[in-house]
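First comes the structure, then the notes that go with it.
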Amino acid sequence: MRTNVQYLSFEEVLASLRDQAFDVRELPAVADQLANRVEVRKYGAGAVLARNPERKSEYKGVPPHPMVWIHHPGFLAGGEIGVLLDRGYQKFWQTSRLELPATADALKSVHRFAEELRETIGDPSLYNESLGTTSDVYWYDRVRGRDLPPAERPKPAWAKTSS
C-alpha cells in the first residue's frame, strides 16, 4: 500500500531545525525574490534555504516540499559558506576571500550536516551524495579551456613548435 507523504510547512520546518540544534537565522531580503531565506549551520558547516513559493518539485515523481536550496551545504570559513572545488589532485574550500585545503574532518562534518538537514526538510537523499561529499566545481588543469570553441582553445604542449 502506498503511503501519503505529508510535508511540514515552512515555519514547522524551521521549528524542527531549531529543535534538532541547528543554528537557524533569517537573512535580510534584498528583493521580493530573495525573501524568506534562512541560513542553517551545524558542525562547522552551513547552507542557505528559502521558502518554495511555487511548491514545485526538483525531482520527477517526488512531491514538492516547502524548502528549496539557495546555497548547497559547505564548510564555514571566514564567516562564509565555502563551495567545494575539485582540482583533480586535491579538493579545496573556496569562499569569496579564502581558499583552504579540504581536510577529511571538514568533509565528514559537511556530509553529516547535509544528511541531517535533508532528513529534516524532507529532501530526497541521492545515491551519489550518500556515498560521500560531492564537489560543487571541477577545475582540472589538464582540461582547462575544453569548454571553449576549438579555435579559442590553448594549444597543448605537444602541438607547439619548438624554436
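What follows is calculated from the coordinates using simple rules that are stated; it is not laboratory data. Note that the coordinates shown come from a computational prediction; the quantities given were computed from them, not determined experimentally. For neighbour counting, all protein chains shown are included, and Cβ atoms are generated from backbone atoms with ideal geometry for every residue, glycine included.
Among 26, 115, which comes first, then next, by fewest other beta-carbon atoms within 10 Å?
Details: 26 11, 115 14.
By the 10 Å Cβ count, ascending: 26, 115.
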- Likely footprinting exposure, 84, 8, 126, fewest C-beta neighbours within 10 Å first: 126, 8, 84
- Item | Projected label distance in nm at residue 16 and residue 147, using a 7 Å step from Cα toward the beta-carbon | 3.5
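Stretched out fully, how many nm does the piece from residue 69 to residue 87 gain, at 0.36 nm a residue minus the Cα gap?
On the way: separation 18, 0.36 × 18 = 6.48 nm, distance 2.45 nm.
Result: 4.0 nm gained on full extension.
Multiplying the sequence separation of residue 23 and residue 105 by 0.36 nm and subtracting their Cα-Cα distance, what value in nm do you get? List each step's numbers first, then the result.
Values: separation 82, 0.36 × 82 = 29.52 nm, distance 2.00 nm.
The span from residue 23 to residue 105 would gain 27.5 nm if fully extended.
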- Would you calculate the separation in nanometres between label points at residue 112 and residue 159, each defined as 7 Å from the Cα along the Cα-to-beta-carbon direction? 4.8
- Task: Work out from phi, with θ = phi - 60° and the Karplus expression 6.51 cos²θ - 1.76 cosθ + 1.60, the ³J(HN,Hα) of each residue of region 83-94, listed in order in whole Hz, and give x for Gly and Pro.
- Result: 9, 8, 9, 9, 9, x, 9, 6, 9, 9, 9, 10
